[in-house]
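Asker: For reference, the structure I am asking about is given below.
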Amino acid sequence: MSLSDPISDALTMVRNALRAKKESVDLPNSKMLTSIAGILKQKGYIENSKLIEDKKQGVLRVYLKYIDTRPAIKNLMRISKPSKRVYAKAKDKTSVLRGLGLAIVSTSQGIMTDKEAREKKIGGEIICKVW
């Protein structure tokens, strides 16, 4: 794991677990990853997530979702990186796969989907896209 981008590492761990048909994947816990997992659960991309205490930062166990043996998540793509931040204004009307996917955005009001951010008319940093 690289020290520079834990979110990218976590997305890669989820992608690899999906390809290996794993039931769950353990990620290092952080507020950002907990928020991302909450959105993925709310939108039906994962079954559940749970925090496991380990006397350190904790482990976020993500239970992956499959539909007829095919992963619910087709792809996870990191957009904004520490080396190149990507921001979107509230009026930007870009959608992921014409609305079939979603972008997760970090705003001044917390982590939310691109659709929620547009409805609240706030911009933010585009963390990743999921479809």
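Asker: Take Ile7 and decide whether it is in contact (Cβ under 8 Å) with a residue 60 or more places away in the chain, under 26 Å from Gly123 (Cβ atoms) and outside any strand (DSSP E or B).
Answerer: Spelling it out, Ile7 is indeed in contact (Cβ under 8 Å) with a residue 60 or more places away in the chain, under 26 Å from Gly123 (Cβ atoms) and outside any strand (DSSP E or B).
Asker: Okay, next question. What number goes with the only condition from (1) surrounded by 11 or more Cβ atoms within 10 Å (Cβ to Cβ); (2) part of a loop (DSSP other than H, G, I, E, B) that Lys121 does not pass?
Answerer: Among (1) surrounded by 11 or more Cβ atoms within 10 Å (Cβ to Cβ); (2) part of a loop (DSSP other than H, G, I, E, B), the lone unmet condition for Lys121 is (1).
Asker: Within region 88-112, restricting attention to residues that are modelled with pLDDT of 95 or more and among the hydroxyl-bearing types (Ser, Thr, Tyr), which residue is farthest from Ile36 (Cα to Cα)?
Answerer: The extreme case among them is Ser108.
Asker: Going through region 97-111 one residue at a time, which ones are hydrophobic (A, V, I, L, M, F, W, C) and surrounded by fewer than 19 Cβ atoms within 10 Å (Cβ to Cβ)? Talk me through it step by step, then tell me what you get.
Answerer: Initial filter on region 97-111 (hydrophobic (A, V, I, L, M, F, W, C)): 97, 100, 102-105, 111.
Hits for region 97-111 are Leu97, Leu100.
Asker: Which of the residues spanning region 31-88 are basic (Lys, Arg), more than 22 Å from Lys115 (Cβ to Cβ) and part of a loop (DSSP other than H, G, I, E, B)?
Answerer: Matches in region 31-88: Lys55, Lys56, Lys81, Lys84.
Asker: Which of the residues belonging to region 89-108 are in a loop (DSSP other than H, G, I, E, B) and within 17 Å of the chain's Cα centre (by Cα)? Step through it out loud before you land on a result.
Answerer: Going residue by residue through region 89-108, those that are in a loop (DSSP other than H, G, I, E, B) are 89-95, 100-101, 108.
Hits for region 89-108 are Ser95, Leu100, Gly101.
Asker: For the subset of region 74-88 comprising residues that are over 11 Å from Ile126 (Cα atoms) and either among the hydroxyl-bearing types (Ser, Thr, Tyr) or under 12 Å from the mean Cα position of the chain (by Cα) (or both), which member is surrounded by the fewest Cβ atoms within 10 Å (Cβ to Cβ)?
Answerer: Per the stated criteria, the residue is Ser83.
Asker: To continue, here is another question. Report, by residue number, each residue of region 25-70 that is of a type in the set (S, T, N, Q), in contact with a Ser or Thr (Cβ under 9 Å, 6 or more places away or on another chain) and touching a residue at least 40 places away in the same chain (Cβ under 8 Å).
Answerer: Ser35
The values are calculated or read from the model by the stated rules, or taken from the named source; none is laboratory data. Small disclaimer: the values here were computed from a predicted structure and weren't measured. Every residue, glycine among them, receives a Cβ derived from its backbone with ideal geometry; neighbour counts consider all protein chains shown.
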